[in-house]
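Asker: Before we start, here is the structure in question, set down as structure tokens.
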Amino acid sequence: MKSTAHIRKTFLNYFEKNDHKIVHSSPLVPINDPTLMFVNAGMVPFKNYFEGKEEPDFLKATSSQKCVRAGGKHNDLDNVGHTTRHLTFFEMLGNFSFGDYFKEEAIKLAWDLLVNEFEIPSNRLLLTVFKEDTEAEEIWKKVSGFSDNKIIKISTDDNFWSMGDEGPCGPCSEIFFDHGDSVDGGPPGSKNEDGDRFVEIWNLVFMQYLQLSNKNREYLPKPSIDTGMGLERISTVLQGKTSNFDTDLFITIINHIEEIIKINKTDENIASFRVIADHLRSIAFLISDGVLPSNEGRGYVLRRIMRRAMRHAYLLNIKEPVLYSLIKKIVTLMSDAYPELSRAEKLIEVTVFEEEERFISTLSKGIKIFNDESKSLNPGDVFSGSTAFKLYDTYGFPLDLTEDLIRDKNLKLDKDSFDSEMRKQKEEAKKSWLGSGDSKTDEIWFEVANECEATEFLGYQNNKSAAEISRIIYENKISNKIKHGDEAILVFNQSPFYAESGGQMGDVGIAKNDNFIFRISDTQKKTNNIHAHYGVVEKGSVSVGDTVNLQIESDHRRMIMCNHSATHLLHESLRRVLGDHITQKGSQVSAEKLRFDFSHQKSLDSDEITRIEETINNLIRDDSEVMVEVLTYEKAVESGALALFGEKYSSEVRVLTMGHDSFSKELCGGTHVKSLGEIENFKIISQSSVASGIRRVEAVTGSIALNSLSLIDKINEKERKLEEKKQTKAKEKIISKDILNGKIEEFNKSKFFFDQISGVNAKNLRHLVDECKKDIGTGIVCLISTNEGKSSIAIGVTNDLLDDYDAVELVKIGSEIMGGKGGGGRKDMALAGAKDISKSDHVFEQLIKKLKENI
């Protein structure tokens with residue numbers, strides 16, 4: 001039996017033998033396409049090539065592309081486990097021609113691979129073509145020898161593909177496999193076509209037209225080919241199965257699940273095994289490509305996938321974290337083809353474990369809420385759809401579990417109300433993720449990239465150089481000339497100016513000749529490695545083709561280099577002090593300071609900060625040389641160099657090694673110091689939470705770090721005096737109000753701070769809550785105040801508790817007790833009115849009771 005791995009390799013090798021370049025899979029997070037939640041087809045990474053916006057380095061390519069369909073327009077999540085074909089994660093095999101070969105060769109290659117390489121009997125194949133595409137029909141007849149009854153003409157859009165309302169489009173031809181009459185279903189185009197007997201295994205798209213805005217089409221000057229074959233589907237066929245879940249890869253995963261949880265699969269529970277097996281792959285690959293669970297956008301979809309898998313583990317009577325222990329099997333099975341899994345293994349395991357712990361708490365919390373809401377209902381009564389949605393959306397409580405509980409009590413669900421709430425949520429989710437991909441590159445830069453060569457970067461060795469002006473962008477249009485006072489963007493054939501990328505800010509400096517001075521305030525990287533130099537003309541005028549002298553601001557560059565090299569040392573120090581699960585989630589390196597975001601669940605304590613600072617400063621004092629190598633991506637990773645998850649790298653990469661015994665080794669295209677002593681000093685100046693599971697550290701180097709030590713002492717003293725002054729004023733202001741002393745009560749390893757004060761208006765009440773949140777670290781703050789006859793209640797939730805608590809929900813509880821109405825804000829801060837503040841003690845009791853229910 002041909003294994004899935006063997007089938008993938010055979011496909012890629014076949015097209016490589018036929019002069020196609022094997023292109024490694026792009027990350028699941030789309031690059032330069034904000035309209036997609038995730039990459040969901042093999043052609044997505046090549047979209048700009050098909051649209052003519054970029055010129056590829058090759059005319060023929062083949063790939064096995066990672067794909068996820070679990071959010072946005074393409075969403076198979078709820079079908080997984082209940083059908084033989086649907087998956088959230090799959091691999092799309094494909095071959096592509098960018099203006100090289102067209103229909104005849106595409107059809108010949110497809111037929112040869114299926115019949116001769118994969119040895120599929122031709123009588124088990126069936127073909128479809130677009131009704132108007134007589135050319136493809138005739139080619140198929142010649143290549144396959146099929147008669148009309150084996151080539152079905154389809155008149156619908158199922159056999160005509162387009163990128164959108166405008167752009168490349170064309171007819172397509174689908175190849176189907178016939179499982180035989182023992183399986184129910186009819187051929188494509190028949191009333192029984194949705195059955196499983198005839199399964200589509202390959203789609204060949206012939207891009208021959210350009211769809212215009214006026215609904216007309218014109219022929220493309222260079223027709224192209226885009227094909228897609230699901231690896232899991234072709235494996236099902238070649239292994240003689242009828243379900244994806246019966247192939248070698250899934251059987252291995254499912255058997256491993258059975259072994260770990262020590263529960264046998266049966267006809268009754270097999271759907272849960274299949275859901276877990278599929279979802280584990282999505283979870284592992286999404287995290288390895290830089291997605292972490294959160295409450296919005298891609299992170300929200302990942303959390304839904306994770307919680308659906310956890311829900312099915314719960315159905316199998318698993319009440320403890322278990323999915324994290326299954327990750328290693330996914331890594332073992334798939335890391336040969338996708339080495340990024342091995343690099344992210346620790347992060348994936350830690351992330352899954354923490355989500356499982358949180359969800360186990362969620363389940364008990366959800367069941368408690370359900371019981372409270374349903375205790376007054378009798379058999380046959382209707383359970384609120386709004387409550388079911390609140391359980392689903394706010395607490396992550398799966399609807400199917402709510403439906404199970406409803407059935408157990410012989411209740412009915414108000415599904416219309418639930419669906420209405422779901423529609424609203426989907427619209428909000430759509431707004432949330434629509435712009436969350438990388439921004440679309442301005443159309444003008446595609447034009448520049450097609451007309452100009454990539455900017456040759458000279459800045460690794462030089463701070464200045466001569467250059468020729470290749471293009472001028474003025475008022476968002478390509479221009480030939482600019483003059484004094486004009487703000488513009490200049491593109492040069494070569495430049496020592498580093499263009500912002502990888503978190504490093506762009507260089508600043510000057511471009512000039514005898515008649516012209518242009519002050520450069522920023523440098524950005526555009527399509528095709530074009531460096532865009534932003535600035536203003538301070539003297540004279542200049543035209544395209546003129547030669548100028550470029551000079552970067554050396555001190556600015558030097559400070560950036562120190563901070564960038566320190567960022568590498570910080571990354572590795574965090575890993576050594578906190579653990580291998582630490583991965584970079586973002587960075588910004590400027591001349592003033594460095595900012596580093598990383599995956600971690602809690603704040604750094606003082607001992608951890610000290611250890612990190614000492615480690616880095618010892619390395620700086622050792623003053624070892626920074627080593628730079630240029631290697632192939634594969635060799636770099638094999639050598640142990642860290643690569644960022646979800647980043648797309650070129651075939652050759654720069655590897656930076658710092659410190660004795662290769663303390664830090666990373667892929668990086670930025671500029672760095674030559675030896676670590678140049679950094680002089682390192683000091684962490686702040687830390688904060690960016691989002692759930694993501695921390696941020698800010699630090700400074702050099703003289704700024706030295707100055708910060710005495711500056712911090714001055715600031716601390718200033719803040720101490722200011723605080724004393726505030727407290728004195730506050731006491732003077734409220735001395736006659738008999739203010740209660742603040743109460744602190746522990747809940748779920750967190751703190752609840754509660755106080756009633758006077759003379760503070762709503763605006764300042766919010767500020768006080770923020771200050772209290774800083775003091776308690778992890779917890780919830782509630783303050784009640786009366787000012788000029790008006791009473792208010794404000795509640796704040798620290799960032800690390802936002803997955804479990806909502807300030808808006810809590811403030812409404814307090815406001816209602818005191819006779820107030822409404823209340824609003826954000827999950828981390830909410831405010832409401834109050835009337836009867838004599839009930840503040842009751843507010844405290846009810847809130848702490850509510851918080852402890854969540855334990």
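Asker: Taking the conditions exactly as written (touching a residue at least 60 places away in the same chain (Cβ under 8 Å), among the β-branched types (Val, Ile, Thr) and within 16 Å of residue 5 (Cβ to Cβ)), does residue 253 satisfy them or not?
Answerer: When the stated conditions are applied, residue 253 passes them.
Asker: From the set of residues in segment 466-486 that are charged (D, E, K, R) and under 37 Å from the mean Cα position of the chain (by Cα), which is least open to solvent (accessible area, probe 1.4 Å)?
Answerer: Restricting to residues being charged (D, E, K, R) and under 37 Å from the mean Cα position of the chain (by Cα), the top hit is 471.
Asker: Residue 548 - would you say it is open to solvent by less than 20 Å² (accessible area, probe 1.4 Å) and farther than 15 Å from residue 683 by Cα?
Answerer: yes
Asker: Residues of segment 823-855 being open to solvent by 40 Å² or more (accessible area, probe 1.4 Å), free of Cβ contacts under 8 Å to residues at least 60 places away in the same chain and over 16 Å from residue 796 (Cβ atoms), which ones?
Answerer: 835, 836, 838, 839, 841, 842, 845, 846, 849 - these are the residues of segment 823-855 that are open to solvent by 40 Å² or more (accessible area, probe 1.4 Å), free of Cβ contacts under 8 Å to residues at least 60 places away in the same chain and over 16 Å from residue 796 (Cβ atoms).
Asker: What are the residues in segment 317-328 that are open to solvent by 10 Å² or more (accessible area, probe 1.4 Å) and either in a helix (DSSP H, G or I) or under 17 Å from residue 270 (Cα atoms) (or both), if any?
Answerer: Listed by number, the residues that qualify are 317, 318, 324, 325, 328.
Asker: Please go through segment 672-711 and give me each residue that is assigned to a loop (DSSP other than H, G, I, E, B), in contact with an Asp or Glu (Cβ under 8 Å, 6 or more places away or on another chain) and either open to solvent by 50 Å² or more (accessible area, probe 1.4 Å) or within 11 Å of residue 617 (Cβ to Cβ) (or both), ordered by number.
Answerer: 674
Asker: Okay, next question. In segment 366-379, which residue that is in contact (Cβ under 8 Å) with a residue 24 or more places away in the chain and open to solvent by 40 Å² or more (accessible area, probe 1.4 Å) is nearest to the chain's Cα centre (by Cα)?
Answerer: 367
Asker: Which of (1) at pLDDT 85 or above; (2) among the basic types (Lys, Arg); (3) over 17 Å from residue 742 (Cα atoms) does residue 821 not meet, given it meets every other one?
Answerer: The single condition residue 821 does not satisfy is (1).
Asker: Can you pull out every residue in segment 787-814 that is of a type in the set (Val, Ile, Thr) and under 17 Å from residue 842 (Cα atoms)?
Answerer: 793, 795, 811, 813
Asker: Sticking with this one: Report whether or not residue 385 is touching a helix residue (DSSP H, G or I) at 6+ places or on another chain (Cβ under 8 Å), without any contact (Cβ under 8 Å) to a residue 60 or more places away in the chain and more than 24 Å from residue 316 (Cα to Cα).
Answerer: yes
Asker: Let me ask another. Could you tell me whether any residue of segment 785-796 is of a type in the set (A, V, I, L, M), in a helix (DSSP H, G or I) and over 12 Å from residue 833 (Cβ atoms)?
Answerer: no
Asker: How about segment 161-192: which of its residues are within 36 Å of the chain's Cα centre (by Cα), of a type outside the set (Val, Ile, Thr) and farther than 20 Å from residue 49 by Cα?
Answerer: 173, 174, 176, 177
Asker: So which of 763, 743 is open to solvent by 60 Å² or more (accessible area, probe 1.4 Å) and under 22 Å from residue 821 (Cβ atoms)?
Answerer: After applying the criteria, what remains is 763.
Asker: Please verify whether residue 616 is among the β-branched types (Val, Ile, Thr) and at pLDDT 95 or above, treating the condition exactly as stated.
Answerer: Here the answer is yes, as residue 616 does meet what is asked.
Asker: Taking the stated definitions as given, is residue 489 open to solvent by 60 Å² or more (accessible area, probe 1.4 Å), outside any loop (DSSP other than H, G, I, E, B) and β-branched (Val, Ile, Thr)?
Answerer: no
Asker: Of a type outside the set (Ser, Thr, Tyr), open to solvent by 50 Å² or more (accessible area, probe 1.4 Å), modelled with pLDDT of 90 or more and in a helix (DSSP H, G or I): is that true of residue 418 in this structure?
Answerer: No.
Asker: Count, please, the residues in segment 339-353 that happen to be touching a residue at least 60 places away in the same chain (Cβ under 8 Å) and either surrounded by fewer than 19 Cβ atoms within 10 Å (Cβ to Cβ) or charged (D, E, K, R) (or both).
Answerer: Selection size over segment 339-353: 5.
Asker: Read through the list (1) within 17 Å of the chain's Cα centre (by Cα); (2) within 28 Å of residue 4 (Cα to Cα); (3) crowded, with 23+ Cβ neighbours inside 10 Å, then give the number of the only condition that residue 293 fails.
Answerer: Here residue 293 clears every test but (2).
Asker: Checking residue 495 against (1) within 35 Å of the chain's Cα centre (by Cα); (2) in contact (Cβ under 8 Å) with a residue 60 or more places away in the chain, which test does it fail?
Answerer: Unmet condition: (2).
Asker: Is segment 298-314 home to any residue that is outside any loop (DSSP other than H, G, I, E, B), more than 30 Å from residue 694 (Cα to Cα), open to solvent by 10 Å² or more (accessible area, probe 1.4 Å) and at pLDDT below 95?
Answerer: Among the residues of segment 298-314, not one is outside any loop (DSSP other than H, G, I, E, B), more than 30 Å from residue 694 (Cα to Cα), open to solvent by 10 Å² or more (accessible area, probe 1.4 Å) and at pLDDT below 95, which makes the answer no.
Asker: Another one. Run down 819, 796, 789, 777 and say which single residue is out of contact with any helix residue (DSSP H, G or I) (no Cβ under 7 Å at 6 or more places or on another chain), of a type outside the set (A, V, I, L, M, F, W, C) and within 23 Å of residue 696 (Cβ to Cβ).
Answerer: None of the other options fit; the residue is 777.
Asker: Of all residues in segment 506-529 being among the aliphatic types (A, V, I, L, M) and surrounded by fewer than 21 Cβ atoms within 10 Å (Cβ to Cβ), which is farthest from residue 468 (Cα to Cα)?
Answerer: Of everything passing the filter in segment 506-529, 508 is farthest from residue 468 (Cα to Cα).
Asker: Further question: Sort through 797, 781 and tell me the only one that's in contact with an Asp or Glu (Cβ under 6 Å, 6 or more places away or on another chain) and buried (at least 22 other Cβ atoms within 10 Å of the Cβ).
Answerer: Result: 797 is the single residue among 797, 781 that is in contact with an Asp or Glu (Cβ under 6 Å, 6 or more places away or on another chain) and buried (at least 22 other Cβ atoms within 10 Å of the Cβ).
Asker: Another question, then. Scanning segment 578-602 for residues that are of a type in the set (Asp, Glu) and either assigned to a loop (DSSP other than H, G, I, E, B) or free of Cβ contacts under 8 Å to residues at least 60 places away in the same chain (or both), which turns out nearest to residue 707 (Cα to Cα)?
Answerer: The qualifying residue nearest to residue 707 (Cα to Cα) is 592.
Asker: Based on this model, can you work out whether residue 610 counts as modelled with pLDDT of 95 or more and not in a loop (DSSP other than H, G, I, E, B)?
Answerer: no
Asker: Under 6 Å by Cβ, and 6 or more places apart or on different chains, what pairs join a residue from segment 192-203 that is more than 11 Å from residue 178 (Cβ to Cβ) with one that is open to solvent by 60 Å² or more (accessible area, probe 1.4 Å) and of a type in the set (Asp, Glu)?
Answerer: Going by the 6 Å Cβ cut-off, the qualifying pairs are 195/184.
Asker: Taking into account only those residues within segment 125-162 that are surrounded by fewer than 15 Cβ atoms within 10 Å (Cβ to Cβ) and in contact (Cβ under 8 Å) with a residue 24 or more places away in the chain, which is nearest to residue 181 (Cα to Cα)?
Answerer: Result: 155.
Asker: Is it fair to say residue 653 is without any contact (Cβ under 8 Å) to a residue 24 or more places away in the chain, in contact with a strand residue (DSSP E or B) (Cβ under 9 Å, 6 or more places away or on another chain) and β-branched (Val, Ile, Thr)?
Answerer: Taking the combined requirement at face value, the residue satisfies it.
The values are calculated or read from the model by the stated rules, or taken from the named source; none is laboratory data. In this text, all values refer to a predicted model and were calculated from it rather than measured experimentally. FYI the Cβ positions are ideal-geometry reconstructions off the backbone, even for glycines, and counts take in every protein chain you see. Accessible surface areas use protein heavy atoms only, side chains included; no ligands, DNA or RNA. Shrake-Rupley method; radii C 1.70, N 1.55, O 1.52, S 1.80 Å.
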